[in-house]
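What follows is a single structure, written as C-alpha cells, with notes after it.
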Amino acid sequence: MNVLRPLLIGVSLLVGAACGPIGPTSAVVQADYTLHVVNGTTLALAIVVNGQPVAVSAAKDAKDIPVAALPPLPWTVEARSVSGRVVLTLTVEPGSVVDVRNADGTSSHRAPGARADLSCGRLDMYPGNTPMLGPMPGPGVPGDCAP
C-alpha cells in the first residue's frame, strides 16, 4: 500500500492539472458606484436622487457625482428639466454594479444605465466605470426638448 500512495498522488496531480487551474481564475472587485451623467442635450438638467436634488448637469456637459454626495442605495435617479419635467429615470440597486477581473487580464463590467435620445441631443446616466455603448443618437421627437 505504501508503494501505491505516491503513485496515486502523482496521478491525482496530473489529472488535476489537465482539468485546469486549481486557484481562482477571476475575482469580483469592489464596484464603483460613481454616478455619471453625460448630457449631450441643449438642456440644463437637475439630477435628483430619491427625491433630493444632488447636482445640475449643464447643457453639452458631463458630470460625475461621487457616492459620498449620494444617499444610501437603492437609488431612483431622475434628470429633470428646469420646469421639473422628468426627462430620464434610472434605478440603481445594491449589487447592480459588478466588476470582474480575470486571471488572463480580461475583465467584464455590468451596470444599469438609462438613455434618452432627444431632438436636441443624447442623455446617458449610469453608475460604474464603463461608459454606455450603443448606436448613434436617434432623432427624438418634436417638442421633446421643451424646458
Residues of region 101-147 being assigned to a loop (DSSP other than H, G, I, E, B) and either β-branched (V, I, T) or touching a Leu at 6+ places or on another chain (Cβ under 6 Å) (or both), which ones? T106, T130, G140, V141, D144, C145
So, of the residues in region 110-138 that are closer than 27 Å to L73 by Cα and surrounded by fewer than 14 Cβ atoms within 10 Å (Cβ to Cβ), which turns out to be farthest from the chain's Cα centre (by Cα)? G134
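Conditions (1) in contact with a strand residue (DSSP E or B) (Cβ under 6 Å, 6 or more places away or on another chain); (2) not hydrophobic (A, V, I, L, M, F, W, C), marked per residue:
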{"position": "L90", "(1), (2)": "yes, no"}
{"position": "R101", "(1), (2)": "yes, yes"}
{"position": "A114", "(1), (2)": "yes, no"}
{"position": "A146", "(1), (2)": "no, no"}
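Okay, residues lined up against (1) modelled with pLDDT of 95 or more; (2) over 30 Å from V100 (Cα atoms); (3) aromatic (F, W, Y):
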site	(1), (2), (3)
V11	no, yes, no
P21	no, no, no
Q30	no, no, no
T34	yes, no, no
A55	yes, no, no
P71	yes, no, no
Restricting attention to region 122-145, which residues are among the small types (G, A, S) and modelled with pLDDT under 90? G134, G138, G140, G143
Within region 84-106, restricting attention to residues that are loosely packed, with under 12 Cβ neighbours inside 10 Å and in contact with a Ser or Thr (Cβ under 7 Å, 6 or more places away or on another chain), which residue is modelled with the highest pLDDT? T91
Region 36-72 - residue that is surrounded by fewer than 16 Cβ atoms within 10 Å (Cβ to Cβ) and within 15 Å of Y126 (Cβ to Cβ) and, of those, farthest from the chain's Cα centre (by Cα): A62
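The values are calculated or read from the model by the stated rules, or taken from the named source; none is laboratory data. Here the structure is a predicted model, which means the values were calculated and not measured. When we count neighbours, we look across all protein chains shown, and the Cβ atoms used for this are built from the backbone with ideal geometry, even at glycine.
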